[in-house]
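Visitor: The structure that follows is given in the form of structure tokens.
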Amino acid sequence: MTVLNRFFVTTPIYYVNDKPHIGHAYTSIAADFLARFHRLAGRDSFFLTGTDEHGTKIAETAAAAGKTPQALCDEVVEQYRGTWRTLGLSNDYFVRTTDARHVAAVQKLLTVLNGATAPNGREAVYAGVYEGLYCTGCEKFITESDLVDGMCPDHKMPPTPLKEKNYFFRLQPYLAILKEMVEKNELVILPDERRREVLGLLTTGLPDFSISRESEKWGIPLPFDPTQTAYVWIDALPNYISAIGYGDDPQQFDRWWNKAEVVHLMAKDILKFHTIYWPAMLMAAGLKLPDRIFIHGFFTINGEKMGKSLGNMIDPRKMAEIYGADATRYLLLNQYPFGVDGDVKEREFATKYNSDLANDLGNLVSRVAKMMIQYCDGVIPAPRADVPGQNEVMEMAVDLPDAVYNHVCNFRITEAIAGAMNLVRATNKFIEDAAPWKLAKNGQQETVGGVLYTAGELLRIASILLYPIMPEKVREIRSVFGLEDKNLTLDSARTWFNLPHGNRVTLKESIFPRLDAKAIPMLVPPKAEPVTVDLVSFDDFGRVSLRVARVIAAERVPKADKLLKLQIDLGDEKRQIIAGIAQQYAPEEMIGKSIIVVANLQPATIRGIESRGMLLAAKNGGTLRLLTVDGDIPPGASIG
């Protein structure tokens, strides 16, 4: 891939059904870091983020709150904008799918697609009837095979059966072309695990997908059929081009889409839409594809999946109130390597803050500044070439800017930050080894100045490399030594002895005050104590009929990967029950087992199949074991 001198990075646009959390912040801070670093390297960079504001879920949430959808969107959007300001994001544009500019661009793209011809010679867009299941929470159609116990696995609710007229995009003819492009890295998908996942999807014969909804009203009308509303994903994906002028500014669009390196960042839950649907739409419209799509993993919070029902959604603004905006940026991107699944451990925030920022970086700034004030009359001393240990530390630092930038260009964000922090630690060691306080006692004043100049110069280089992750704190650090922003460039980090000697040193307060970990309020409330269940009487327990049953037949429930349909013998009658044990027990393993069932439950219908009873099993995490009866206890025997 030819590296262009322009860099265009995007986040996904965030759905405004709830306020921003650290999942949104994680991707956005990463995009901001990349944009800032490429600017340091002299690349003209554009950073785009925004909000996705259409769809059934927004309309229903607004109605429940007694508001119009637009009023709800306006309120939540301000929370996003406020949060991004708090975190110091440098986005060049904030796109909203309700903006007139975006609406016009989407309608232009839909018009182009409606007139396009697919590679097989047929029209790219065609009318049809969709009949299937729709999950409002996901804002997408899902299949029976996606369900778990009849529920959407993400939203734990049954999907809605729908049958309506839609327009479809003819995806099939593009699949082989896309597969070849991914294989040849003409469309670069990172990391490699996600690339393999996409190649797997491209070989499964994905069906054509719907681009409109007949029943949806809160959205963008199709320009060629106003009775239809653009499907929310078809509305959302074009934000990447609407924001840079696809609909109204051809010169700007050409500058940032055709003549820039285009990079999409996102989490893996929206992989299919961005790596298959979006490129196919762009091909149909005759537009360039993004250059690289980087798909990072999910994270858990303190070992648990993040979710509103668990009460562990961390508000990045509250985190910034405790640690500061720049430290929040640093802590979130240093929990684990960027790109993989990981766990965010809240209790490690304070530990890492104190270790990396207060002790290593903040203490280094204070030591160097205070010794310059004490030993050098409060000004930066002149450099010297004969300082003990200087050559060794210079050798480490000389190639570091390019090594860090190489990490940045390959999305190794955590490694890039670590490289800069390693220089900070090496500088601390250099000071310890040189011991300028001892040199001062021995009257070696010029050598003291040389040591402190070298330490300040190393800190100047580290400040440039740390600027993209902690921009405001780095400015504070640089102001201590009278350094100007105009020299915040990667080229400046590549050259030595650029610390201007003679500058006045001014240290007002600690850059990163040490925190008392015990006094920090928890962002995620601790788990509640187990609920004490009221004791029941023997009479209450006696109402439950537990009986031995022998399994006489078993089979899997079609399109339900967790369910078995069992025929059981209760001695005086035979029954059918549905049990969610198919992932632990094969049907043939069940036949002949003497299990324990609750026999006096009211019948239930599961997946359209009647179930009369419930078996007992023990479960621990992902392990499940049936409760069975040994020996010759006959079917129908009671359990007491």
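The values are calculated or read from the model by the stated rules, or taken from the named source; none is laboratory data. Keep in mind that what you see is a predicted model, and the values were worked out from it rather than measured. Ideal geometry is used to build each Cβ from the backbone, glycine not excepted, and the neighbour counts take in all protein chains shown.
Visitor: Could you count how many residues in segment 233-259 are small (Gly, Ala, Ser) and either in a loop (DSSP other than H, G, I, E, B) or exposed (fewer than 14 other Cβ atoms within 10 Å of the Cβ) (or both)?
Guide: 3
Visitor: Hey, does segment 179-191 have a residue that's touching a strand residue (DSSP E or B) at 6+ places or on another chain (Cβ under 7 Å), assigned by TED's automatic domain parsing to the domain that holds Leu113 and closer than 25 Å to Asp235 by Cβ?
Guide: yes
Visitor: Examine segment 146-158 for a residue that is surrounded by fewer than 19 Cβ atoms within 10 Å (Cβ to Cβ), in contact with a Leu (Cβ under 8 Å, 6 or more places away or on another chain), outside the structural domain of Gly580 (by TED's automatic domain parsing) and under 22 Å from Pro238 (Cβ atoms), and state whether such a residue exists.
Guide: no
Visitor: Within segment 338-375, can you find the residues that are assigned to a helix (DSSP H, G or I) and among the acidic types (Asp, Glu)?
Guide: Correct list: Glu348, Asp356, Asp360.
Visitor: Being assigned to a helix (DSSP H, G or I) and among the polar types (S, T, N, Q) is the requirement here; does Gln228 meet it? Show your work before the answer.
Guide: Details: assigned to a helix (DSSP H, G or I): no; among the polar types (S, T, N, Q): yes.
No.
Visitor: So which of Lys19, Lys57, Lys67 is in the same structural domain as Arg81 (by TED's automatic domain parsing) and either of a type in the set (A, V, I, L, M) or assigned to a helix (DSSP H, G or I) (or both)?
Guide: Every option except Lys57 fails the conditions.
Visitor: Could you go through segment 35-52 and let me know if any residue there is under 30 Å from Cys135 (Cα atoms), part of a helix (DSSP H, G or I) and polar (S, T, N, Q).
Guide: Scanning segment 35-52 turns up no residue that is under 30 Å from Cys135 (Cα atoms), part of a helix (DSSP H, G or I) and polar (S, T, N, Q).
Visitor: Can you spot a residue in segment 398-418 that is modelled with pLDDT under 95 and either assigned by TED's automatic domain parsing to the domain that holds Arg36 or assigned to a helix (DSSP H, G or I) (or both)?
Guide: Within segment 398-418, one or more residues are modelled with pLDDT under 95 and either assigned by TED's automatic domain parsing to the domain that holds Arg36 or assigned to a helix (DSSP H, G or I) (or both).
Visitor: Being in contact with a helix residue (DSSP H, G or I) (Cβ under 9 Å, 6 or more places away or on another chain), surrounded by fewer than 20 Cβ atoms within 10 Å (Cβ to Cβ), of a type outside the set (D, E, K, R) and part of a helix (DSSP H, G or I) is the requirement here; does Thr427 meet it? Steps first, please.
Guide: Values: in contact with a helix residue (DSSP H, G or I) (Cβ under 9 Å, 6 or more places away or on another chain): yes; surrounded by fewer than 20 Cβ atoms within 10 Å (Cβ to Cβ): no; of a type outside the set (D, E, K, R): yes; part of a helix (DSSP H, G or I): yes.
No: the conditions fail for Thr427.
Visitor: If you check Ala243 against the conditions, is it in the same structural domain as Ala116 (by TED's automatic domain parsing), under 29 Å from the mean Cα position of the chain (by Cα), under 25 Å from Ile142 (Cβ atoms) and in contact (Cβ under 8 Å) with a residue 60 or more places away in the chain? Can you show your working first?
Guide: Working: in the same structural domain as Ala116 (by TED's automatic domain parsing): yes; under 29 Å from the mean Cα position of the chain (by Cα): yes; under 25 Å from Ile142 (Cβ atoms): no; in contact (Cβ under 8 Å) with a residue 60 or more places away in the chain: yes.
Judged against the criteria, Ala243 is not a match.
Visitor: Enumerate the pairs (first residue in segment 480-498 and within 24 Å of Glu509 (Cα to Cα); second residue anywhere and among the small types (Gly, Ala, Ser) and assigned to a helix (DSSP H, G or I)) with beta-carbon separation below 7 Å, excluding pairs fewer than 6 apart on the same chain, so at least 6 apart or on different chains.
Guide: The qualifying pairs are Val480/Ala369; Phe481/Gly456.
Matching residues to (1) buried (at least 24 other Cβ atoms within 10 Å of the Cβ); (2) at positive phi; (3) assigned by TED's automatic domain parsing to the domain that holds Leu364:
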{"site": "Asp433", "(1), (2), (3)": "no, no, yes"}
{"site": "Leu458", "(1), (2), (3)": "yes, no, yes"}
{"site": "Leu483", "(1), (2), (3)": "yes, no, yes"}
{"site": "Leu488", "(1), (2), (3)": "no, no, yes"}
{"site": "Ala493", "(1), (2), (3)": "yes, no, yes"}
{"site": "Phe497", "(1), (2), (3)": "no, yes, yes"}
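Visitor: Next question, about the same structure. Out of the residues in segment 154-175 meeting the condition of being of a type in the set (A, V, I, L, M) and out of contact with any Asp or Glu (no Cβ under 9 Å at 6 or more places or on another chain), tell me which one is modelled with the lowest pLDDT.
Guide: The selected residue is Met157.
Visitor: Which one of these is touching a residue at least 40 places away in the same chain (Cβ under 8 Å) and outside the structural domain of Glu144 (by TED's automatic domain parsing): Leu601, Leu627, Leu563?
Guide: On the way: Leu601 fails: touching a residue at least 40 places away in the same chain (Cβ under 8 Å); Leu627 fails: touching a residue at least 40 places away in the same chain (Cβ under 8 Å).
Just a single option satisfies the conditions, and that option is Leu563.
Visitor: How about segment 290-327: which of its residues are of a type in the set (Asp, Glu), crowded, with 19+ Cβ neighbours inside 10 Å and in a helix (DSSP H, G or I)?
Guide: Correct list: Asp326 only.
Visitor: Additional query: Looking at (1) free of Cβ contacts under 8 Å to residues at least 12 places away in the same chain; (2) surrounded by 15 or more Cβ atoms within 10 Å (Cβ to Cβ), which one does Asp192 not meet, given that it meets all the others?
Guide: Just one mismatch for Asp192, condition (2).
Visitor: Give Val9, Val16 a once-over and let me know the one that is modelled with pLDDT of 95 or more and surrounded by 16 or more Cβ atoms within 10 Å (Cβ to Cβ).
Guide: When all the criteria are applied, what remains is Val9.
Visitor: A follow-up question, please. Of all residues in segment 50-78, which are in contact with a Leu (Cβ under 8 Å, 6 or more places away or on another chain) and under 18 Å from Ile234 (Cβ atoms)?
Guide: Ile58
Visitor: Tally time: how many residues in segment 589-640 are at pLDDT below 85, assigned to a loop (DSSP other than H, G, I, E, B) and of a type in the set (S, T, N, Q)?
Guide: Looking only at that region, the number is 1.
Visitor: What is the one condition in (1) within 20 Å of Ala127 (Cα to Cα); (2) in contact with a Phe, Trp or Tyr (Cβ under 6 Å, 6 or more places away or on another chain) that Leu190 does not satisfy?
Guide: In the conditions (1) within 20 Å of Ala127 (Cα to Cα); (2) in contact with a Phe, Trp or Tyr (Cβ under 6 Å, 6 or more places away or on another chain), Leu190 misses (1) alone.
Visitor: Just give me the residues in segment 376-397 being surrounded by fewer than 20 Cβ atoms within 10 Å (Cβ to Cβ), part of a loop (DSSP other than H, G, I, E, B) and not hydrophobic (A, V, I, L, M, F, W, C), in sequence order.
Guide: Residues satisfying the conditions are Asp377, Gly378, Pro383, Arg384, Asp386, Pro388, Gly389.
Visitor: Ok, one more. Counting just the residues of segment 526-537 that are under 28 Å from the mean Cα position of the chain (by Cα) and exposed (fewer than 10 other Cβ atoms within 10 Å of the Cβ), which one comes out modelled with the lowest pLDDT?
Guide: Among those residues, the one meeting the criterion is Ala528.
Visitor: Sticking with this structure for a sec: Just a yes or no: is a residue in segment 512-520 within 28 Å of Met396 (Cα to Cα), in contact (Cβ under 8 Å) with a residue 12 or more places away in the chain, out of contact with any His (no Cβ under 9 Å at 6 or more places or on another chain) and not assigned by TED's automatic domain parsing to the domain that holds Gly88?
Guide: The answer is yes; a qualifying residue exists.
Visitor: OK, next. Inspect all residues belonging to segment 28-47 and state whether any of them is among the acidic types (Asp, Glu), touching a residue at least 24 places away in the same chain (Cβ under 8 Å) and surrounded by 17 or more Cβ atoms within 10 Å (Cβ to Cβ).
Guide: Within segment 28-47 (the criterion being among the acidic types (Asp, Glu), touching a residue at least 24 places away in the same chain (Cβ under 8 Å) and surrounded by 17 or more Cβ atoms within 10 Å (Cβ to Cβ)), the answer is yes, since at least one residue qualifies.
Visitor: Cβ-Cβ distance below 8 Å, separation of 6 or more or different chains: which pairs start in segment 327-338 with a residue that is within 18 Å of Arg317 (Cβ to Cβ) and in contact (Cβ under 8 Å) with a residue 60 or more places away in the chain and end on one that is of a type in the set (S, T, N, Q) and assigned to a helix (DSSP H, G or I)?
Guide: Leu333/Thr414
Visitor: Identify the residue in segment 262-289 that is aliphatic (A, V, I, L, M) and part of a loop (DSSP other than H, G, I, E, B) and, among all such residues, is surrounded by the most Cβ atoms within 10 Å (Cβ to Cβ).
Guide: Restricting to residues being aliphatic (A, V, I, L, M) and part of a loop (DSSP other than H, G, I, E, B), the top hit is Ala285.
Visitor: Another one. Among the residues of segment 562-608, write down those that are touching a helix residue (DSSP H, G or I) at 6+ places or on another chain (Cβ under 8 Å) and within 16 Å of Pro634 (Cα to Cα).
Guide: None - no residue of segment 562-608 is touching a helix residue (DSSP H, G or I) at 6+ places or on another chain (Cβ under 8 Å) and within 16 Å of Pro634 (Cα to Cα), so the list stays empty.
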